[in-house]
Structure formats: structure tokens, C-alpha cells
Amino acid sequence: MKPLNYFFICLFVLSYNCCLAQNNSPVTMLEKYTYEELEDKFYSYKDNSQVEKSKIVAKYYLQKAKKEEKDKKYVAEGYVLNQYNRELPIALKYIDSLEAISKVLQDDRYPARIYLLKGFLYYNSDNLKLALENFLSALKYAKEKNNGRQIAIADLQIAYLNGYIGKHQETVKVLQFYYNNNEFLTEQDTEHIQLNLADAYIDVNDYDKALVLIKKGLKETLKKNSKIRYNRYLYLFGRCSWKIKRYSEAISKLEICKKYFLENNLGFDANYTMLYLGLSYTESNNKEKAIENFIKIDSIIQKTNNTFPELRDVYTYLIDYYKEKKDKEKQLYYIDRFLKIDEILDSQFKYISRELPRKYDTPKLLAEKENIISELKKKKYLSYSAICMLFLLVITLLILFYKSRKAEKKHKKIAQDLINSINKADQVVNDDQEKIIIEQEIQINKVEKSTTKIISQDIVQNILKELRKFETSESFLNEGITLSSLAKDLKTNSTYLSDIINTHKDKNFATYLNDLRINYALSRLVKDKKFRSYKTSVIADELGYNNEQAFALAFKKKTGTTLSIYIKEIDKV
């Protein structure tokens, strides 16, 4: 989401319904006001950017509440009022005091209210990670207390943060819901949702819906003479015009917004306005105007430290511009600025950092920075550095190539040996009957030598006989064979079958079954040209595997080579 989300925070009515105070009495006569009237006066000053006056009211309110000790809830509200417009450490101390006193209050708004306040503070301090954690905690406790308003506020803040990390569809979904279901929200809340929903529609390229809300907002704000909200809608109109490539229209609207936001010290709004103004000038082939706006953005960022993901585009453009101008000093300056901003974005907007395209990624910029510094000091090191980098790159590629070829050669050798062993086995196929007799004798002898006390020798011999039938009939190719299912087919139990396979086959059941299937595959692939022309998924299915991944892993584990190399070597033969 864009800077518009920031201003929804100011709408969180932390006390009772507040309206603009109409009394213009001097602040030195605060004694005559009730707590409710003082709250009204405080929010009136705060909402109209009269920060110092709001601080005086907040300080007096808290002193009055502590002195009178009329009701702890007023002390709590005093802490709430005083955390506004403060540096983060001071604001957090007021929240800590609020948290302590809230434990003795019978108020269902707590502890969700604590987490909401902290979330807003961290949001304003550009720490989106902690903001999200607190909003999620607030949502959890608000749901426990079934506080509809707090649930809505937390949901909306999380939606705005989703917008920041690129989940615009999720943002639209939540804003649409609360725009249409606003029973727990004030009229002012809904107005700000409308503003942000228009912004979100632009993010998902739904320009028709965005323009409907924008035009509605412009009309409403003109009637109410709300200049700040009017200019925010006008900014959205300009951004929408830029998105649909009406650059002249975008410039005319954004220039009006820029003037208003700068005159009223609304830096966050001004920065986003100048961002799209600069991009519009870029598309209109007016580089000088674009640079003028981007430089102004940088100057405001240095004062406020309020970052946003699109700053990457600003600094990328400035770096390229001065690179083209061959102004090394300014190019180096904006690379430094980019790296500082990039570090903040990497910590605050990790998901965004992964999704947004980077023309200048951090490693490349660091290398370029070092090259420029070296060029400004001693250019003779440039060639040496480039040669070293190229040499390392070539060495790395050669090592990777060598390892790849070595592995491929190894796999081919294994495949060739397997093929040869199968061909040799075919040459002595006439001796099979004699081998079977010998193997049966060996098995019988092994049974007789077995020291197993649990299973009788008769049962062992019978199960071994059934296993030979299982193998010769190729029943192991059936899909879904398990130890239990095979035991049932052999009319025995799983324990006996497992013990006999482990003892007489020297392997567990899973390995026994896989070996039978892979050995069958090795032989059939050599003998059956049509079979090896099948897709891997079909071969896997023929062998009784659930999927080709399981078959490929079993094949590699058993043979030490891959199916594709094995088939290629067969085709060569």
C-alpha cells in the first residue's frame, strides 16, 4: 500500500466518541473542562496538526487524573493521550504505564488496546516487523473478547501491511469487506477505507473501480472543504493516470498535490506524489524534471527516515542518470544512499525485497561502489581487479564443469556395468534350473541353521517357499503392497514375515520390495525397447510405485546412477 495507509492510524479512536471542540478558550483555562471535554479538545488539536497545544492538554489531563484519583480509567486515558506525538522510547514508556494500570480496570478493550497502540507506534517508526507482530497479537485478544471494533482495526492494519509486502489482492479483499460491513466503524473510518481501497484497486490494476471511488471522494471532500483528503484523492487520480499511460494528465494533477503537500509539511504524501511525478516526467522524456523530483525525495527521506519500497526506483534512476553524465561523485553518493535504504528495506520489507525487481542488486552495487572509489583514487587497480574477478569466475566454472563431468562419467560407468551384468546373466539362462535347486538347498540349510525360537522351522520353510512364488510370479509389481497386505496374502502375520525377510534376505521389507522392483526394471529396460521408450511416470506405474519421484529416488539409491543415463547407455549398446 501507499502512504495513505499511514493516515488510517490517526483514526483509531482510543477513547469514547470524539468530536471537534468548538470552544476557543485559551489553554490556560483548562480547569473548567470535564475529562470528556478535554479529550474532545485534545483530538481537535491533534487532528488539526496543532501538536504543541495537544501536548499541553494531554499533560494537564494526566495530572488532573492522578491528582483527583476519581477513576483509574481517566489515568489510563491520560497515558493514551500523552503517547501521541512523542519519540518512540517516550511513547513506549507511556504504553507500559497504561499496560500496568489496565490490569486493575474492568475493561474488555485490554489487552488488545495495548497491542494496537504499540503496533501504531512501530508502524510510524518504520518498524513493520514489530508492527505486524503487535497487530496480530491485538487481533488475537480482540477476538477472545469479541470486540468488533478492535477486530476491524487490527484486520485493516494487517491488510495495509500485506499491501506493503505485495499481497495486494489480500488487501483489496479485506478493505472491500469492511467498506461494505462497517457496523463497528465510524463514518471517518469508512472514509479512510474508501481512500485506501481506491489505492489498492490501482495496485491490482482494477482502474475502473479505482476511478469510481476516486471521483466519489473528490466530490465528497469538495463539499466538506477537506483540502488534505481532496489532495490525497487527487494524488490517486494522478497515480491512476500514470498507470494507464496518460502522462500529461498525471503530471497536471500531481503537480497540484505536490505543492499542497510540501507547503503543509506532509512529507510522506509529498514523496509518493513526487515519485509518480518523476516517473511521469521520465515517460515524457523530461529527465531534468524527473531528477528534480527524485532529488527532492532524497532530501525529505534524510530528514524523516520514512522509507518505502519504491525508493529503489528513485535511487536506481539517480545512479543511472549520473552514470550517463559521467559524474562519479554524485553517482557514488547515490550508490551510498541506495545501499543505506536497501539495508533498511531488507530488514523491514524482506518479502518485498524478494519480489520487487532489482536493477541494482546489493552485491553488484557494492562491487561497483568499490570500483568507483578505486577509479577516483587510483585507476590503475581497475584492470587488475577485473582480471582477478574474471579469473575466479573461470576457475569456479571449471570446477563446477569438472565435478559435473566426473559425476556423469561415474554414472555412465555404473550403468554400463549393470547392463553388462544383465547381458552375462542372459547367456547362462540355461543353468537356471540348477541354480534354483542350489538356492533352494541353501535356503533350507539356512532355515535348519536358524536359531529362531519363536517361529517353527516348518513355518519358516513355508513362508520362504511363498516368497519365491511371490518373486517368480512378479507379484511385487502390484501397486500398494505393504508388509501387512503381503503377510495376509501369504497366510501369515506381519511379525513372522518381517523377521524372516530380515533374517533370510538380509534386508528390511521396504528394501526387499524396492530391490525386486528395481532389479526387474534393470532387466526389462535392457530387453524391452518399447518399455524403455515409456515416460518415467508410466514406467513407475508399471513397477507399482505411486509416483515417478519415488521411483527415481529408489532407482538412484539402489543403482548409484540415474534412470535417464541408464537408458541412454542401453541405447548406445
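Summary table
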read-out	value
Per-region count, segment 500-514, residues over 21 Å from Gly480 (Cα atoms) and either open to solvent by 60 Å² or more (accessible area, probe 1.4 Å) or aromatic (Phe, Trp, Tyr) (or both)	1
Those residues of segment 125-134 which are of a type in the set (D, E, K, R) and assigned to a helix (DSSP H, G or I), in sequence order	Lys129, Glu133
Scope segment 463-499; condition open to solvent by less than 60 Å² (accessible area, probe 1.4 Å), of a type in the set (D, E, K, R) and either closer than 23 Å to Ile539 by Cα or not in a helix (DSSP H, G or I) (or both); matching residues	Glu471
Meets criteria (modelled with pLDDT under 90, open to solvent by less than 40 Å² (accessible area, probe 1.4 Å), within 28 Å of Pro89 (Cα to Cα) and among the polar types (S, T, N, Q)) for Gln106	no
Complete set of residues in segment 515-547 that are farther than 18 Å from Asn420 by Cα, open to solvent by 60 Å² or more (accessible area, probe 1.4 Å) and either touching a Pro at 6+ places or on another chain (Cβ under 8 Å) or among the basic types (Lys, Arg) (or both)	Lys530, Lys535
Test: residue in segment 320-335 that is among the hydrophobic types (A, V, I, L, M, F, W, C), under 28 Å from the mean Cα position of the chain (by Cα) and buried (at least 18 other Cβ atoms within 10 Å of the Cβ)	yes
Qualifying position, being in a helix (DSSP H, G or I) and open to solvent by 50 Å² or more (accessible area, probe 1.4 Å), among Tyr115, Tyr122, Tyr79	Tyr115
Count - residues of segment 317-349 that are closer than 25 Å to Lys129 by Cα and free of Cβ contacts under 8 Å to residues at least 60 places away in the same chain	10
Counted residues, segment 82-94 - those being open to solvent by less than 10 Å² (accessible area, probe 1.4 Å) and within 32 Å of the chain's Cα centre (by Cα)	2
Selection within segment 229-257 - buried (at least 23 other Cβ atoms within 10 Å of the Cβ) and among the charged types (D, E, K, R)	Arg232, Arg239, Lys253
Answer residue from segment 170-205, given it is in contact with a helix residue (DSSP H, G or I) (Cβ under 8 Å, 6 or more places away or on another chain) and not in a helix (DSSP H, G or I) and is farthest from Leu156 (Cα to Cα) among those	Asn205
Members of segment 135-167 found to be open to solvent by 40 Å² or more (accessible area, probe 1.4 Å), under 21 Å from Tyr123 (Cα atoms) and at pLDDT 90 or above, listed by number	Tyr141, Arg149
Test for Asp199: is it open to solvent by less than 10 Å² (accessible area, probe 1.4 Å) and farther than 30 Å from Asn285 by Cβ	no
Test for Ile422: is it over 29 Å from Asp515 (Cβ atoms), open to solvent by less than 70 Å² (accessible area, probe 1.4 Å) and at pLDDT 60 or above	no
Qualifying position, being small (Gly, Ala, Ser) and either closer than 26 Å to Asp126 by Cβ or in contact with a helix residue (DSSP H, G or I) (Cβ under 7 Å, 6 or more places away or on another chain) (or both), among Ser226, Ser252, Ser248, Ser280	Ser280
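Results for (1) at pLDDT 75 or above; (2) farther than 27 Å from Thr561 by Cβ, shown as yes or no for each residue.
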residue: Ile444; (1), (2): no, yes
residue: Thr452; (1), (2): no, yes
residue: Arg468; (1), (2): yes, yes
residue: Ser494; (1), (2): yes, yes
residue: Lys507; (1), (2): yes, no
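The values are calculated or read from the model by the stated rules, or taken from the named source; none is laboratory data. The structure displayed is predicted, hence computed values, not measured ones. All Cβ positions, even for glycine, are placed from backbone atoms using ideal geometry, and neighbour counts span all protein chains on display. The protein model used for the area step is the full one, side chains on, heavy atoms only, and it has no ligands, DNA or RNA in it. Shrake-Rupley method; radii C 1.70, N 1.55, O 1.52, S 1.80 Å.
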